[in-house]
Amino acid sequence: MPTMCLVFTRKKWWQTPISASGIFCFKHVHPEDVAKIFSSLAMLFTQGTRTFEYRFISQAEQYLWMHGMLRLIRDDAGKPLKVVGSLTDIA
């Protein structure tokens, strides 16, 4: 089963299959916003959380301003297990 990128907007839910690397979702981020998000992802492993505000293209091909939050979940030994997060339409 493919990984899914779920996005909620005020209008509707939609979902799009993405690759395991998450590249498909980055293709939906405004080109001017990709570098600032991608360049700071490594800090998730040192700080434990990251927040971003960026433009994300909707199915209607309009850019929405989104607020994204990521949190790194670690096991009892401190090893990374998974990343959980949320996206909020702040337009």
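Throughout, read-outs are computed from the coordinates displayed, never taken from laboratory work. Here the structure is a predicted model, which means the values were calculated and not measured. Using ideal geometry, Cβ is built from the backbone for each residue, glycine included, and neighbour counts are taken over all protein chains shown.
Can you work out ³J(HN,Hα) from phi for every residue in the range 25-35, in order, using Karplus 6.51 cos²θ - 1.76 cosθ + 1.60 and θ = phi - 60°, giving whole Hz and x for Gly and Pro?
5, 5, 5, 8, 8, 3, x, 6, 9, 4, 4
How would you order 75-81, 49-55 from highest to lowest mean count of nearby Cβ atoms within 10 Å? Working shown, then result.
On the way: 75-81: 7.9, 49-55: 15.1.
So the order, starting with the most tightly packed, is 49-55, 75-81.
Give the peptides 39-45, 63-69 in descending order of average Cβ contacts within 10 Å, highest first.
Ranking the peptides 39-45, 63-69 by packing returns 63-69, 39-45.
When the dipole is taken about the Cα centre of the range 52-91, and only Lys, Arg (+1) and Asp, Glu (-1) are charged at their Cβ, what size is it in debye, to the nearest 20?
Using Cβ point charges on Lys, Arg, Asp and Glu, the range 52-91 gives about 180 debye.
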